[in-house]
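Student: Please read through the structure below; I'll follow up with questions.
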Amino acid sequence: MRVDARRALVHRERDVHQRRQRRREVRVGDLLWRMDLADKVGQMTQAERSVVTPADVAAYRLGSVLSGGGSAPDPNTPAGWADMYDAYQTAAIATPLGIPIIYGVDAVHGHNNVPGATVFPHNIGLGATRNADLVERIGRATAIEVAATGPTWTFSPCLCVARDDRWGRTYESFSEVPEIVADMSSIVTGYQGEVLGAERASILATAKHFVGDGATSRGIDQGDAQIGEEELRAIHLAPFEAAIERGVGAVMVSFSSWNDVKLHAHEYLITGVLKGELGFDGFVVSDWAGIDQIDGRDGFTVAEVAAAVNAGIDMVMVPYDYQAFVELLTEAVETGLVPVERIDDAVERILAKKFELGL
């Protein structure tokens, strides 16, 4: 009887999930049909709270606001966060189409920008426990505290596999062993729940940094992973596969390169492998001003914007230069450098997660 009851429960959950998916597809399709280019470009743009006001969010139709590490409202209290979040969200939903923002935070080992929040060990300590259930419960506790202050998106977990102890960010890695890192992707379920948006304290998780940032030559941060594809897949891609199986909603691209090609412009890995081969159906976000590093010179150009978006990046983190990004991406579309179909795919992915979260 217990087996039959479990099977019935699984079937009911699948039916509910399929109905939600169908409703989501209809609603996203209807909204996308009503959006103009300015609406779509805005949804693909993420700005830092320290430079963007609620009025800016409305004027540029921004899809997202973030708090980088240490970026917090004044007063930096749970109520201060909630008030800030509400101000941004009120401005966003007052626009003609009423599309809410998704607010992202660096809650990488607890809601660590907020005094009084629970702070947990870094990943290197959690990986040492070999306890995937504990790590999932830490993700759940973090999600509860983040959701209580307003934001619904964390830039975590880091699923890098650190292979050189000279790398200064080894503490972000659960382990040098890919199987252990894959097991610790259980934190994704902690953040999101079994189904994204099904629980009140469900926040979007971000698997990062795609891919191979733990394999850079001589452990140089943001360096070049000079390894073959077989090694890249066997060691560094495996944890991302585990996170995708858990339904991770976002993936962040690495600052690093793979054999001299910047990941932020790597169409084969982002579109071909991540979205195509692995079937990732969430959205891909750039790292902090990451598109500015594609050509190796200061200041991003229309060519860099086009290269990143065409490679498969859906939302672009341009913390302080969101106005320039909006202008350049608009130009890239209007001049044919970026196909409208690529824009629609990106926006559809972003809207889908907003609907799933109940925003």
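Student: Name the residues in region 70-81 that are open to solvent by 30 Å² or more (accessible area, probe 1.4 Å), touching a residue at least 40 places away in the same chain (Cβ under 8 Å) and hydrophobic (A, V, I, L, M, F, W, C), would you?
Tutor: Result: no residue meets the conditions.
Student: Please tell me if residue 61 is under 16 Å from residue 152 (Cα atoms), buried (at least 18 other Cβ atoms within 10 Å of the Cβ) and among the basic types (Lys, Arg).
Tutor: Here the answer is no, as residue 61 does not meet what is asked.
Student: From 231, 199, which residue is among the charged types (D, E, K, R) and either at pLDDT 95 or above or not in a loop (DSSP other than H, G, I, E, B) (or both)?
Tutor: 231
Student: Report the residue count in region 202-228 for those that are on the phi > 0 side of the Ramachandran plot and either open to solvent by less than 20 Å² (accessible area, probe 1.4 Å) or not in a loop (DSSP other than H, G, I, E, B) (or both).
Tutor: We begin by selecting, within region 202-228, every residue on the phi > 0 side of the Ramachandran plot; these are 212, 218-219, 222.
From what's left, either open to solvent by less than 20 Å² (accessible area, probe 1.4 Å) or not in a loop (DSSP other than H, G, I, E, B) (or both): 212, 218-219.
Going through region 202-228 one residue at a time, the tally reaches 3.
Student: Mind checking which helices (runs of 4 or more DSSP H) fall wholly inside region 295-359 and carry at least 3 residues that are at pLDDT 95 or above and not hydrophobic (A, V, I, L, M, F, W, C)?
Tutor: 322-334, 340-357
Student: Follow-up. Please go through region 142-189 and give me each residue that is within 23 Å of residue 201 (Cα to Cα) and free of Cβ contacts under 8 Å to residues at least 24 places away in the same chain, ordered by number. Explain how you work it out, then say what you get.
Tutor: In the first step, residues of region 142-189 are kept if they are within 23 Å of residue 201 (Cα to Cα); the result is 142-159, 183-189.
Those that are within 23 Å of residue 201 (Cα to Cα) and free of Cβ contacts under 8 Å to residues at least 24 places away in the same chain: none in region 142-189.
Student: Among the residues of region 123-141, which ones are surrounded by 24 or more Cβ atoms within 10 Å (Cβ to Cβ) and free of Cβ contacts under 8 Å to residues at least 24 places away in the same chain?
Tutor: If the condition is that a residue be surrounded by 24 or more Cβ atoms within 10 Å (Cβ to Cβ) and free of Cβ contacts under 8 Å to residues at least 24 places away in the same chain, then no residue fits.
So that you can scan it fast, the table gives a plain yes or no per residue for (1) on the phi > 0 side of the Ramachandran plot; (2) modelled with pLDDT under 95; (3) in contact with a Gly (Cβ under 6 Å, 6 or more places away or on another chain):
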| residue | (1), (2), (3) |
| --- | --- |
| 99 | no, no, no |
| 108 | no, no, no |
| 119 | no, no, yes |
| 130 | yes, no, no |
| 136 | no, no, yes |
| 141 | no, no, no |
| 151 | no, no, no |
| 162 | no, no, yes |
| 165 | no, yes, no |
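Student: Now a separate question. Have a look at 156, 186, 173 and point out the one that is more than 30 Å from residue 359 (Cα to Cα) and modelled with pLDDT of 95 or more.
Tutor: When all the criteria are applied, what remains is 173.
Student: Here's a follow-up. Just one of (1) open to solvent by 60 Å² or more (accessible area, probe 1.4 Å); (2) hydrophobic (A, V, I, L, M, F, W, C); (3) over 22 Å from residue 199 (Cα atoms) trips up residue 148, so point out which.
Tutor: Residue 148 satisfies all of (1) open to solvent by 60 Å² or more (accessible area, probe 1.4 Å); (2) hydrophobic (A, V, I, L, M, F, W, C); (3) over 22 Å from residue 199 (Cα atoms) except (3).
Student: Assuming residue 307 fulfils every condition listed in (1) open to solvent by 20 Å² or more (accessible area, probe 1.4 Å); (2) touching a His at 6+ places or on another chain (Cβ under 9 Å); (3) closer than 24 Å to residue 162 by Cα apart from one, which condition is it?
Tutor: Tallying (1) open to solvent by 20 Å² or more (accessible area, probe 1.4 Å); (2) touching a His at 6+ places or on another chain (Cβ under 9 Å); (3) closer than 24 Å to residue 162 by Cα, residue 307 fails exactly one: (3).
Student: Please tell me if residue 108 is open to solvent by 20 Å² or more (accessible area, probe 1.4 Å) and within 19 Å of the chain's Cα centre (by Cα).
Tutor: So residue 108 passes the test.
The values are calculated or read from the model by the stated rules, or taken from the named source; none is laboratory data. Values in this document were obtained by computation on a predicted structure and should not be read as measured data. Here Cβ is always computed from backbone atoms with ideal geometry, including for glycine, and neighbour counts include all displayed protein chains. Note: accessible area is taken over every heavy atom of the protein model, side chains too, but ligands, DNA and RNA are not part of it. Shrake-Rupley method; radii C 1.70, N 1.55, O 1.52, S 1.80 Å.
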